[in-house]
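J.: The structure is given below, and queries will be raised subsequently.
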Amino acid sequence: MTVYRLQYPKSGTKKARVIRRAMTDAGRKLWVRLRNNQLGVHFRREVPQGPYVCDFLCVSAKLIVEVDGSQHYTAKGKKHDEQRDSYLHEKGFDVLRFSDRDVLVNTDGVLQRIFEHIQHTMDPPHL
């Protein structure tokens, strides 16, 4: 079994601390439901990964969950997210994106999607 170690660039660590203190309402709401292994795996919040800070990261499932505000739906935001997702995929992570609104009004549905992804990723294939 390969152990994946997160590499925290010093600049990213400082940025992550600032972001942690200023989480959005949607981010806080999702964090309450992801923390303490409630989905059977450990999530971290606002984790530096290369030049980016990921909203929520689960190392064991190689999963990053992003909560997107309105700026992510502009042309510039979409292009940035594509570059970011490509980088994270190269590092071996899957990325699930949800809008702030989805998290706020359909929290259970968002959690179900995350849980299903974890189960699919971590369950051994049936022979």
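J.: Restricting attention to segment 1-58, which residues are surrounded by fewer than 17 Cβ atoms within 10 Å (Cβ to Cβ), out of contact with any strand residue (DSSP E or B) (no Cβ under 8 Å at 6 or more places or on another chain), among the hydrophobic types (A, V, I, L, M, F, W, C) and modelled with pLDDT of 80 or more?
T.: Selection gives Val32 alone.
J.: It is to be established whether one or more residues within segment 113-126 are within 14 Å of the chain's Cα centre (by Cα) and not in a helix (DSSP H, G or I).
T.: Checked segment 113-126: no residue is within 14 Å of the chain's Cα centre (by Cα) and not in a helix (DSSP H, G or I).
J.: Restricting to segment 28-72, name every residue that is part of a strand (DSSP E or B), within 15 Å of Glu116 (Cα to Cα) and among the β-branched types (Val, Ile, Thr).
T.: Within segment 28-72, Ile64, Val65 meet the criteria.
J.: Let me ask something else about it. Considering segment 58-87 alone, what residues qualify as being in contact with a Leu (Cβ under 8 Å, 6 or more places away or on another chain) and farther than 19 Å from Ser99 by Cβ?
T.: Correct list: Val59 only.
J.: Within segment 97-127, work out how many residues are loosely packed, with under 14 Cβ neighbours inside 10 Å, closer than 19 Å to Lys29 by Cβ and not charged (D, E, K, R).
T.: Number of matching residues: 3.
Rundown of residues vs (1) over 17 Å from Ile64 (Cα atoms); (2) modelled with pLDDT under 95; (3) of a type in the set (D, E, K, R), yes/no style:
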position	(1), (2), (3)
Gly77	yes, yes, no
Glu90	no, no, yes
Phe98	no, no, no
Asp102	no, no, yes
Val105	yes, no, no
Phe115	no, no, no
Met122	no, yes, no
Pro125	yes, yes, no
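The values are calculated or read from the model by the stated rules, or taken from the named source; none is laboratory data. This is a predicted model, so every value here is computed, not measured. All Cβ positions, glycine included, derive from the backbone under ideal geometry; neighbour counts span all protein chains shown.
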